[in-house]
Amino acid sequence: PFQVVGGKVKKPGKRGRKPAKIDLKAKLERSRQSARECRARKKLRYQYLEELVSSRERAICALREELEMYKQWCMAMDQGKIPSEIKALLTGEELGKAQQNSNKLAKAGKTEANSSNP
């Protein structure tokens, strides 16, 4: 009844689950359903990634515009001119354009940080 192989006692018969007589059509249908679900998950994942790339590109554009504005300010100051936005900042006034730009960028950064969680 029992065999001793390598110091271990073996019981006759196979271990694990016994193969049940599964209906082939049901098995194929489960396989098809699994494939459909896999494709749907893949599609959602790609949509999410596309949206993420798009939002990152928008943030990059906003930052490039801000950088260009700062470059213009620096060029003007190199020529001895003080841009009105900087004068407003120095005098403590809130000039519309400079304030709006910083607000837009702050909001873009906040939404970017919130949307980056998968």
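The values are calculated or read from the model by the stated rules, or taken from the named source; none is laboratory data. All values derive from a computational prediction rather than experimental measurement. Counting neighbours? That spans all protein chains shown, and the Cβs are built from the backbone with ideal geometry, glycine included. Keep in mind that these areas ignore ligands, DNA and RNA; they rest on the heavy atoms of the full protein, side chains included. Shrake-Rupley method; radii C 1.70, N 1.55, O 1.52, S 1.80 Å.
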Go through (1) under 30 Å from Ile86 (Cβ atoms); (2) at pLDDT below 90 for Lys14 and report which single condition fails.
(1)
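Residue-by-condition table, conditions (1) open to solvent by 90 Å² or more (accessible area, probe 1.4 Å); (2) at pLDDT 85 or above; (3) touching a helix residue (DSSP H, G or I) at 6+ places or on another chain (Cβ under 9 Å); (4) not in a helix (DSSP H, G or I):
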site	(1), (2), (3), (4)
Lys21	yes, no, no, yes
Glu29	no, yes, no, no
Cys38	no, yes, no, no
Arg41	yes, yes, no, no
Glu51	yes, yes, yes, no
Lys71	yes, yes, no, no
Leu89	yes, no, yes, no
Asn101	no, no, yes, no
From the set of residues in segment 73-87 that are open to solvent by 100 Å² or more (accessible area, probe 1.4 Å) and modelled with pLDDT of 90 or more, which is farthest from the chain's Cα centre (by Cα)?
Gln79
